[in-house]
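I have placed the structure first, in the form of structure tokens, so that the comments after it can refer back to it.
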Amino acid sequence: AQSVSQHNHHVILSEAASLELGCNYSYGGTVNLFWYVQYPGQHLQLLLKYFSGDPLVKGIKGFEAEFIKSKFSFNLRKPSVQWSDTAEYFCAVNDNNAGNMLTFGGGTRLMVKP
Amino acid sequence: GAGVSQSPSNKVTEKGKDVELRCDPISGHTALYWYRQSLGQGLEFLIYFQGNSAPDKSGLPSDRFSAERTGGSVSTLTIQRTQQEDSAVYLCASSEDRGPEKLFFGSGTQLSVL
């Protein structure tokens with residue numbers, strides 16, 4: 001079965017610092033990859049996704065993620081974080097053997113200090 | 001409606017009682033998903049509906065859990081003889097497509113089993 005690992009459970013940064021959140025998955029075949037974000041008091045929402053093509057994906061609010069197939073990774077990055085990026089971030093993977101199931105990682109809580 | 005609606009938002013029950021959780025997806029969305037989020041855990045997939053049928057029930061943790069969807073719209077997740085380990089946030093999501101292209105999440109039902 002597919003598994004998704006987010007090794008950073010809590011991250012605290014100051015504004016303008018650079019961000020990289022790790023995400024690794026276990027399945028070695030064709031995968032679709034996602035990052036979802038949950039801002040305080042709000043619903044989970046899609047931040048960005050990768051299905052095929054350019055492995056560097058741009059999302060909303062200046063976020064990007066890079067799919068590195070050889071490393072089974074899909075790390076999320078932002079060059080300069082803002083206080084409003086404080087949220088919980090979830091990596092998710094859908095693989096072709098699992099139908100429409102989306103497997104989520106454990107999440108990373110990001111706190112940005114103003 | 002404008003978004004995915006879940007009710008109740010909070011439910012406190014006694015061990016051994018049955019509970020029903022409701023999800024109203026976005027109008028026109030054919031796919032509907034149930035996830036569970038326990039404290040400090042990621043999102044655990046429970047079940048997926050395409051229309052009224054559930055091609056993937058692989059995530060239901062035990063035979064105490066069941067779900068149905070009627071009219072291609074509202075879904076109900078039922079937990080019989082609740083146990084304390086059932087305490088979690090139960091999230092519903094819907095999407096337009098057959099696959100997890102983009103999921104829209106509800107705000108969840110916080111279930112507490114005493």
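Annotation note: trypsin sites (Lys or Arg not before Pro) in the stretch B:1-90 located in DSSP loop regions with a Cβ neighbour count of at most 14 within 10 Å are B:15, B:17, B:57, B:64, B:81. Taking the charge dipole of the protein assembly as shown about its Cα centre, with +1 at Lys and Arg Cβ atoms and -1 at Asp and Glu Cβ atoms, the residue from A:74, A:16, B:31 reaching farthest to the positive side is A:16. Scaling the Cα radius of gyration of the protein assembly as shown by the globular reference 2.2 N^0.38 Å produces a ratio of 1.01. In the neighborhood of residue A:1, defined by Cβ-to-Cβ distances under 13 Å, what is the net charge if each Lys or Arg adds +1 and each Asp or Glu adds -1? Net of charged neighbours comes to -3. Going from the chain on its own to the full set of protein chains, the stretch A:72-114 has these residues losing 20 Å² or more of accessible surface (heavy atoms, 1.4 Å probe, no ligands, DNA or RNA): A:90, A:100, A:101, A:102, A:104, A:106. Fully extending the segment from residue A:68 to residue A:5 would add 21.2 nm, taking 0.36 nm per residue of separation and subtracting the current Cα-Cα distance. Spin-label model, residue B:18/residue A:18: points 7 Å from Cα along the beta carbon direction are separated by 5.7 nm.
Counts of other chain beta carbons within 10 angstrom of each beta carbon in peptide B:68-79 average 0. Taking all protein chains as present, what is the carbon and sulfur share of the accessible area of the protein assembly as shown, in % to the nearest whole number, probe 1.4 Å? Percent of accessible area from carbon and sulfur atoms in the protein assembly as shown: 48. Over all other residues within a Cβ to Cβ distance under 12 Å of residue A:114, the charged ones net out to -1, with Lys and Arg as +1 and Asp and Glu as -1. Interface of A with B. Using a 1.4 Å probe and counting protein heavy atoms only, the two chains hide about 1500 Å² of accessible surface, both sides summed. Solvent exposure of the protein assembly as shown, expressed per residue, is 47 Å² of accessible area, with all protein chains present and a 1.4 angstrom probe. In a simple Cβ point-charge model (Lys, Arg +1; Asp, Glu -1; nothing else charged), the protein assembly as shown has a dipole of about 180 debye relative to its Cα centre. Annotation note: GluC sites (Glu not before Pro) in the stretch B:1-91 located in DSSP loop regions with a Cβ neighbour count of at most 10 within 10 Å are B:14.
Given in Å, the Rg to one decimal and the Dmax to the nearest whole number for the Cα atoms of chain A are 13.5, 44. Shown here for the stretch A:1-67: chymotrypsin sites (Phe, Trp or Tyr not before Pro) in loop regions (DSSP other than H, G, I, E, B) with at most 16 other Cβ atoms within 10 Å, namely A:51.
The values are calculated or read from the model by the stated rules, or taken from the named source; none is laboratory data. From a predicted model like this one, the values you see are computed outputs, not experimental measurements. A quick note on method: Cβ atoms are made from the backbone with ideal geometry, for glycine too, and the neighbour counts reach across all protein chains shown. These accessible areas exclude ligands, DNA and RNA; they are computed on the full protein's heavy atoms, side chains included. Shrake-Rupley method; radii C 1.70, N 1.55, O 1.52, S 1.80 Å.
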